[in-house]
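The values are calculated or read from the model by the stated rules, or taken from the named source; none is laboratory data. Fair warning: this is a prediction, and the values are worked out from it, not measured in the lab. Glycine gets a Cβ as well: all are built from the backbone with ideal geometry, and neighbour counts include every protein chain shown. Side chains included, ligands, DNA and RNA excluded: accessible areas come from the protein's heavy atoms. Shrake-Rupley method; radii C 1.70, N 1.55, O 1.52, S 1.80 Å.
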Amino acid sequence: FLISGHGTKGVFELLSGWRRTRENLPFKDRVADAYSDVMVSYTMTSSLYFIAFGMGASPFTNIEAVKVFCQNMCVSILLNYFYIFSFFGSCLVFAGQLEQNRYHSIFCCKIPSAEYLDRKPVWFQTMMNDGHQHTSHHETNPYQHHFIQHFLREHYNEWITNIYVKPFVVILYLIYASFSFMGCLQINDGANIINLLASESPSVSYALIQQKYFSNYSPVIGFYIYEPLEYWNGTVQEDLKTLSQGWIEQYYQYLRVGNISATNKSDFISILQRSFLKKPEFQHFKNDIIFSKAGDENNIIASRLYLVARTSENTQREAVELLEKLRPLSLIQSIKFIVFNPTFVFMDHYGLSVTMPVLISGFGILLVLILTFFLVIHPLGNFWLILSVTSIELGVLGLMTLWNVDMDCISILCLIYTLNFAIDHCAPLLYTFVLATEHTRTQCIKNSLQEHGTAILQNVSSFLIGLVPLLFVPSNLTFTLFKCLLLAGSCTLLHCFVILPVFLTFFPPSKKHHKKKKRAKRKEREEIECIEIQENPDHVTAV
C-alpha cells in the first residue's frame, strides 16, 4: 500500500508529460521530451524515499520488524523506479507507434475513417474512436481537451483564485491548524495490547473486561530466581518477603503455624518436599520450584514468585513505570532474579517504537532537507516545501490522535511515509510556481495547477481508492494503517489544491522582477526597430 502511492505517482507524471508533448512529433522525440520533463524530479523523489527508508533499514534500528519493513520498501522503490524507467517507457514507445499510425490503443487495429464511423451505432463509435477529431488530430497541445485538464483550466483555477474564496480558505486552514495542534497535545503511546489483536477475537473481549473491572491491578508479574539460594537463611527470607509473594510466603506461614523449625538446608528442603507440597491446598506450587538431586542431597536450583501491584486507572502507564523500577532492582539486589510478564513484551516494543524511530526519522528528515537544499533550483522553493511538508506532517499527527490512533509501530511508519508522500506531490507544484515567469502570482499558480494538477489528482484518488479493501480486514492494526494513510492522502490533497494555491498568491516569491525584465526586453527591441527604421527609410513598409 505504501509503495503504490509512489509508484502510481511516477506513472501518472510520466503519462502527463507524454500527453503534454505534440502529437505531430516523431514518437522518439515525444518519449525524449516526456523523460526530460519528468524523470529528473522523479529520480530525486525516489532518492528521498530510498534515503528515508534506508535509515530505517540501517543497523541503528533496534526493532527487527521495522528494519525488515524498511528493507522491503527500499527494494520495492528500486524495482519500481526501474519499472517506470524501462518497461513503462517502452509502453509509451509502443503507444506512440500506435498513435502515429492511427491504430487503436486497445484493439491494436486500424481506426476507421470518420465517414465509416458515422454509419455505425453509437457504441461502436465510442469503442473505435481514438478520442480526437480529424480537424484537431495534430493540435499542438491535445492534452488541453482532457476532462480533468479542462475542469482545472476553465472552472477550478478561476474559482480557487477568486478574491471572495480566499478568506474562507484562510479560515479553513486556521481550523485545520487548530485541530492539528490540539491533537498533537494529546498524543498517546501505543502500549495498548488491544491494538495488536483481531477486532472480533476473544482476547479483545478479555482485555476490555479486564480494563473495565480490574484496571486497578497490574498484570501478574513473575519473579524468576535462576540461581541456587539459601532459602533457610533469615536475611534471604526477609528479602524475598519484600520482593513478592507466592509459594515462599505460604511455606513460611506453614512453618510458623505448625511451630516447625527449618533453619538448615536439609530440614528446609525435606519438610518442603515431604510435607508442604504433599498437602492438596499447596500442590499447585510444585510447578514453581525446580529441584535437582546430587547424590543423596536435594537442591533448589530455580523458583518463581509472583506480584500483583495496586495501580490507578492508568494501568498501562503505571505498569510501564513499575517495570522500569523493577528491572534495575534485579541488578542491585543480592538475589538474582528476572522480572517478566507477557505484556512486558509489548511494552518494551512500544517503548522502543516511539523513541528510536522518531530519532531515526528526525535524522532522516534532516538529511533529506540538507540534500534538497543543495539540489533545488530556487531557495524559496525549498522554503515553501519545508513549510508544506511540516504542515502536512503535523496535520496527520494531530488528526490521527483525535481519531483515536495511538503512536504504535504502524503509525510511526506511516508518519515517515507521509514525509515522502508530501514531498512527492508538493515539490513539482511548488517549483513550477517558483520558476514561472508570468506577470502575477495568480497566473503562475494557475499554470502550475494546470501542469501538475491532473497527475496529482489522479494519483491521490487512485491511492485512496486502493485503501478501501483495508476496511474489510478484521484487524485493528490494519484499520490504523487505513486511518493514517487516509489522513496522509487527504491532507496532501488539501494542501495541493486548496491551501497552497491561495497562500502562494499572498506571500513571496514576487513576480514583479519578471515583469520588469519583460518590459526592459520589449523596450530594447523597440529601440532596435526604431534604429533600423531610421537607417533604412526605404524598408519601412517591410518592417
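Could you say whether any residue in segment 130-138 is at pLDDT 80 or above and open to solvent by 90 Å² or more (accessible area, probe 1.4 Å)?
No, every residue in segment 130-138 fails to be at pLDDT 80 or above and open to solvent by 90 Å² or more (accessible area, probe 1.4 Å).
In segment 157-168, which residues are part of a helix (DSSP H, G or I) and closer than 13 Å to T442 by Cα?
Scanning segment 157-168 gives N157, E158, W159, I160, K166.
I want to confirm something. Restricting to segment 375-431 and keeping residues that are open to solvent by 30 Å² or more (accessible area, probe 1.4 Å) and without any contact (Cβ under 8 Å) to a residue 24 or more places away in the chain, which single residue is farthest from M44 (Cα to Cα)?
N404
Restricting to segment 167-198, give me the number of residues that are open to solvent by less than 30 Å² (accessible area, probe 1.4 Å), modelled with pLDDT of 85 or more and not hydroxyl-bearing (S, T, Y).
Residues flagged as open to solvent by less than 30 Å² (accessible area, probe 1.4 Å), modelled with pLDDT of 85 or more and not hydroxyl-bearing (S, T, Y) within segment 167-198 amount to 2.
So that you can scan it fast, the table gives a plain yes or no per residue for (1) within 22 Å of K336 (Cα to Cα); (2) open to solvent by less than 60 Å² (accessible area, probe 1.4 Å); (3) in a helix (DSSP H, G or I):
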residue	(1), (2), (3)
E200	no, no, no
P228	yes, no, no
Q237	yes, yes, yes
I248	yes, yes, yes
R256	no, no, yes
I269	yes, yes, yes
Q273	no, yes, yes
K278	no, no, no
F282	no, yes, yes
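Test of understanding: among I290, I300, which residue is of a type in the set (A, V, I, L, M, F, W, C), exposed (fewer than 15 other Cβ atoms within 10 Å of the Cβ) and at pLDDT 85 or above?
Only one candidate qualifies: I290.
Free of Cβ contacts under 8 Å to residues at least 24 places away in the same chain, in a loop (DSSP other than H, G, I, E, B) and either open to solvent by less than 40 Å² (accessible area, probe 1.4 Å) or touching a strand residue (DSSP E or B) at 6+ places or on another chain (Cβ under 8 Å) (or both), is that true of P112?
Yes, satisfied.
Any residue that is within 19 Å of L419 (Cα to Cα), of a type in the set (V, I, T), open to solvent by less than 30 Å² (accessible area, probe 1.4 Å) and modelled with pLDDT of 85 or more - is there at least one of those in segment 69-85?
Checked against the condition, which is being within 19 Å of L419 (Cα to Cα), of a type in the set (V, I, T), open to solvent by less than 30 Å² (accessible area, probe 1.4 Å) and modelled with pLDDT of 85 or more, segment 69-85 yields at least one hit.
Tell me whether segment 458-475 contains one or more residues that are within 22 Å of R20 (Cβ to Cβ) and among the β-branched types (V, I, T).
Checking segment 458-475: at least one residue is within 22 Å of R20 (Cβ to Cβ) and among the β-branched types (V, I, T).
Of everything in segment 451-475, what is surrounded by fewer than 18 Cβ atoms within 10 Å (Cβ to Cβ) and in a helix (DSSP H, G or I)? Give them in sequence order.
If the condition is that a residue be surrounded by fewer than 18 Cβ atoms within 10 Å (Cβ to Cβ) and in a helix (DSSP H, G or I), then S461, S462, L464, I465, G466, V468, P469, L470, L471, F472 are the ones that fit.
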